Number of protein chains: 2
Amino acid sequence: MTHAATKLKHVAEAAGVSLSTASRALSGKAVAYRISSHTEQLVLDAAAKLDFRPSQVAQSLRTQKTKLLGVVLPDVSNPFFASIAREVTTYAEENGYSVLLADSRESTEVERKLIAQLRAREIEGLVISPVGLHQQHLEKLHTANLPVVLVDRGFAESPLVSVTSNHREAARGAMKILIENGHQEIGILQGIPGTTPNDERLSGIEEELKETGIPFTSSMIQGNQFSESSGYEAAKFLLKKHLGITAFFALSNQIGLGALQAIAEAGRKIPQDISMITFDDHPYSEFLASPMTTVRQNIKELGRLAAELIVKQLLTGRKPKKKVHQVPVEIIERASVFNLLNSEKE
Amino acid sequence: MTHAATKLKHVAEAAGVSLSTASRALSGKAVAYRISSHTEQLVLDAAAKLDFRPSQVAQSLRTQKTKLLGVVLPDVSNPFFASIAREVTTYAEENGYSVLLADSRESTEVERKLIAQLRAREIEGLVISPVGLHQQHLEKLHTANLPVVLVDRGFAESPLVSVTSNHREAARGAMKILIENGHQEIGILQGIPGTTPNDERLSGIEEELKETGIPFTSSMIQGNQFSESSGYEAAKFLLKKHLGITAFFALSNQIGLGALQAIAEAGRKIPQDISMITFDDHPYSEFLASPMTTVRQNIKELGRLAAELIVKQLLTGRKPKKKVHQVPVEIIERASVFNLLNSEKE
DNA sequence: ACCCTTTGCACAATCGATTGTGCAAAGGGT
DNA sequence: ACCCTTTGCACAATCGATTGTGCAAAGGGT
């Protein structure tokens, strides 16, 4: 493109050497191929003067390495995934890889198409937060020897490498706080059923309830997307149907926002009328009408680790030893959980 | 990569035709090159059976078209830029282009390097939110005939195409609301001085103050980054130095978050003690301790329009007629602005 | 029957790099 | 002086597609 881009040929001519010599001098193989240091310098000078940058396209074709990573996320505009995109791109860039970004819009169909396109571009590896309901197309990549790292969403019993938060422990921790504060009727605002973040959180919730002897009612679980509208509908429904409800546990930030809307519309106040804990911490969590108690995932670490796993694999050619990578989670307690026990004492 | 990827050669052999015939049949040039429909079908069938996807790398080299767009943003994890990334990638994808994403971390130096790398990958066009203090390296692209579209941040008197909000009008509108509510001592929490979003907002602010006869004090303008910490420091400083201050205008969402922090630490309440308007609306703006009055930029439109301008230019080969594209802005009034006039009457 | 046009495809060059190999010139040993 | 090794580079093939051109076979007109 860029019109008169200088090619290796021009450098070679300017230096008065052959293409092969120019190529070798420029790629640091002068000693290995016995290019005299004088000739080497001629080439380097010519390249510098002509502002030569080798065509990565041509290099890719010849060396069969594109130095390209695919990153597929269900919603790049979601700050959670945006942070992952950022970590992966900067880590990749630092290691000589570039990132092709694609947004699957939470659709497995779109996800398949995007992956096909990325393969046509001969990406060397894929970092993906899959929609999460199907993994066959991803396993196919794995068997085709294309390194894949799942981030945020994994699959049970998968041959694929994954980096996720410890959803189960995180959910247990949040439930523990609610229960310790005397809550028994807790509405669970879930995301996409069948995805591991959702289901593992649910099973953590169930475990914690069982352990403390509180009955686990499936009708207290509502919602079907990690979205604001799903959170809104689910919370609205639960507020109507379960009059005794005293707390919500929202399984994502977006869901939480929707719940906030529903709670406000119902004329309830957090935390006096209804307590709440939300997955995903944010800068604004602290400044909400009631500062929100949140489960803070270590997003940077999730992104960086995923990038590292794929890049190291490409650089060394060795698959990571560990398949499942769990990143610890932190619970930030603020003011959105009301203590029912204290209030009874008073 | 992917091990035994089928190449055009294999398709040609399977169909019993030459490479050229296979290529032409697959790229829809059968009639133009008088391939019989029987032969065409043989090729198509073979390609389908072998799951042939042409190497984009080889195609790119031969056709000198990579179908690659570069997108460079100062901070992908910022929801504002993340939304732009999303709009551009999906629009590009729909039109056969893929997006190489890079994050300049608000550094012109990094920005330069990233652009050099993107050029080595032979991107056909660049969508960039530049750091905004230097444009020489961007003009160079323009003169090298690489289509560039600036988004969010432009340059005064630039030959480059840009898509931005109407910063001036937006800022005037916000100031007008504050002034109409009786505010005269208004702290401006600015971003990076010298960038067009910042400076045009400032000049909008100045215009509005002048028009209403309120003195414009430069010491009321503080801050130097579009970041939370800059907003925090600036607000903290102003609260200390200007005891008569009654309102803040924060020139970005992140700045606003920092200001919230400083205001809380100073023990002041919004809006009673201090009013506030923030640039950039967000889902949570409504649920803050005091629901925030915000200037809502049409981010989707900014991103989509930028993508459209670059893609259409590539598709048609014609430069857009208009250089400067301004997208209207909307002000969402909530509860963070206190009416000083009413309170005096009472 | 002959010639000219059309049909239907294959050959070979090409994009811009990398890399295995070959060969002349220089150097070194006796 | 002669031969062998080392030095220093160039030639040409190659990655996987696209595309200009040439040519044999078929068809059509008189």
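The values are calculated or read from the model by the stated rules, or taken from the named source; none is laboratory data. Everything quoted here is computed from the prediction, not taken from an experiment. Note that we place each Cβ from the backbone using ideal geometry, even for glycine, and neighbour counts take in every protein chain shown. Side chains are part of the model used for accessible areas, which takes the heavy atoms of the whole protein and leaves out ligands, DNA and RNA. Shrake-Rupley method; radii C 1.70, N 1.55, O 1.52, S 1.80 Å.
Which residue is farthest from B:S229 (Cα to Cα), if the candidates are limited to the range B:245-273 and must be of a type in the set (G, A, S) and open to solvent by less than 40 Å² (accessible area, probe 1.4 Å)?
Restricting to residues being of a type in the set (G, A, S) and open to solvent by less than 40 Å² (accessible area, probe 1.4 Å), the top hit is B:A247.
Say whether the condition of being among the charged types (D, E, K, R), out of contact with any Lys or Arg (no Cβ under 6 Å at 6 or more places or on another chain) and open to solvent by 30 Å² or more (accessible area, probe 1.4 Å) is met by at least one residue in the range A:274-285. If you could, list the steps in order and put the result at the bottom.
So the first thing to find is which residues in the range A:274-285 are among the charged types (D, E, K, R), and the list is A:280-281.
Pick out the ones that are also out of contact with any Lys or Arg (no Cβ under 6 Å at 6 or more places or on another chain) and you get A:280.
From what is left, the residues that are open to solvent by 30 Å² or more (accessible area, probe 1.4 Å) are none.
For the range A:274-285, residues among the charged types (D, E, K, R), out of contact with any Lys or Arg (no Cβ under 6 Å at 6 or more places or on another chain) and open to solvent by 30 Å² or more (accessible area, probe 1.4 Å): absent.
When the residues of the range A:134-148 are narrowed to those that are part of a helix (DSSP H, G or I) and either within 19 Å of A:V76 (Cα to Cα) or open to solvent by less than 10 Å² (accessible area, probe 1.4 Å) (or both), which ends up farthest from the other protein chains (Cβ to nearest Cβ)?
A:L138
For the range B:23-43, give me each residue that is hydroxyl-bearing (S, T, Y), closer than 26 Å to B:Y97 by Cβ and within 11 Å of DNA strand C (Cβ to nearest atom).
B:S23
Yes/no matrix, rows are residues, columns are (1) hydroxyl-bearing (S, T, Y); (2) assigned by TED's automatic domain parsing to the domain that holds A:S218; (3) touching a residue at least 40 places away in the same chain (Cβ under 8 Å):
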residue	(1), (2), (3)
A:A250	no, yes, yes
A:I255	no, yes, yes
A:M276	no, yes, yes
A:F279	no, yes, yes
A:S285	yes, yes, yes
A:A307	no, no, yes
A:L314	no, no, yes
A:R318	no, no, no
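Taking B:H183, is it part of a loop (DSSP other than H, G, I, E, B) and either open to solvent by less than 10 Å² (accessible area, probe 1.4 Å) or of a type in the set (K, R) (or both)?
Numbers: part of a loop (DSSP other than H, G, I, E, B): yes; either open to solvent by less than 10 Å² (accessible area, probe 1.4 Å) or of a type in the set (K, R) (or both): yes.
In short, yes.
Collect the residues in the range A:232-251 that are under 31 Å from the mean Cα position of the chain (by Cα) and away from every other protein chain (no Cβ under 12 Å), keeping them in residue-number order.
Within the range A:232-251, A:E233, A:A234, A:A235, A:K236, A:F237, A:L238, A:A247, A:F248, A:F249, A:A250, A:L251 meet the criteria.
So, in the range A:77-133, of the ones that are more than 9 Å from chain B (Cβ to nearest Cβ) and among the polar types (S, T, N, Q), which residue ends up surrounded by the fewest Cβ atoms within 10 Å (Cβ to Cβ)?
Selected residue: A:S107.
Just the residues that are surrounded by 24 or more Cβ atoms within 10 Å (Cβ to Cβ) and under 30 Å from A:I310 (Cβ atoms), please, taken from the range A:186-196.
A:Q190, A:G191
Which one of these does B:S290 not meet: (1) under 25 Å from B:G70 (Cβ atoms); (2) within 14 Å of chain A (Cβ to nearest Cβ)?
Unmet condition: (1).
Can you pull out every residue in the range B:149-176 that is among the aliphatic types (A, V, I, L, M) and open to solvent by 20 Å² or more (accessible area, probe 1.4 Å)?
B:A156
Test B:A102 against the stated conditions and say whether it is in contact (Cβ under 8 Å) with a residue 60 or more places away in the chain, touching a strand residue (DSSP E or B) at 6+ places or on another chain (Cβ under 6 Å) and more than 12 Å from DNA strand D (Cβ to nearest atom).
Criteria not met by B:A102.
Would you tally the residues in the range B:5-36 being at pLDDT below 95 and touching a Phe, Trp or Tyr at 6+ places or on another chain (Cβ under 6 Å)?
Going through the range B:5-36 one residue at a time, the tally reaches 1.
If I go through the range A:44-73 residue by residue, how many of them are in a helix (DSSP H, G or I), within 11 Å of DNA strand C (Cβ to nearest atom) and either touching a residue at least 40 places away in the same chain (Cβ under 8 Å) or surrounded by 14 or more Cβ atoms within 10 Å (Cβ to Cβ) (or both)?
Qualifying residue count for the region: 8.
Any chance the range A:257-270 includes a residue that's among the charged types (D, E, K, R) and under 20 Å from A:T195 (Cβ atoms)?
No, there is no match, as no residue in the range A:257-270 is among the charged types (D, E, K, R) and under 20 Å from A:T195 (Cβ atoms).
Residue check: is A:R168 in a loop (DSSP other than H, G, I, E, B), touching a Ser or Thr at 6+ places or on another chain (Cβ under 7 Å) and more than 25 Å from A:A262 (Cα to Cα)?
Considered against the rule, which asks whether it is in a loop (DSSP other than H, G, I, E, B), touching a Ser or Thr at 6+ places or on another chain (Cβ under 7 Å) and more than 25 Å from A:A262 (Cα to Cα), A:R168 comes out as no.
Looking at this structure, is B:A5 more than 14 Å from DNA strand C (Cβ to nearest atom) and surrounded by 13 or more Cβ atoms within 10 Å (Cβ to Cβ)?
Yes, satisfied.
Restricting to the range A:20-40, and then to whatever is closer than 23 Å to B:A116 by Cα and assigned to a helix (DSSP H, G or I), can you tell me which residue is most open to solvent (accessible area, probe 1.4 Å)?
Restricting to residues being closer than 23 Å to B:A116 by Cα and assigned to a helix (DSSP H, G or I), the top hit is A:R24.
Which residue out of A:T39, A:T63 is under 40 Å from the mean Cα position of the chain (by Cα) and modelled with pLDDT of 95 or more?
Within the list A:T39, A:T63, the selection yields A:T63.
Please count how many residues of the range A:9-60 are within 10 Å of DNA strand D (Cβ to nearest atom), within 14 Å of chain B (Cβ to nearest Cβ) and hydrophobic (A, V, I, L, M, F, W, C).
Count: 2.
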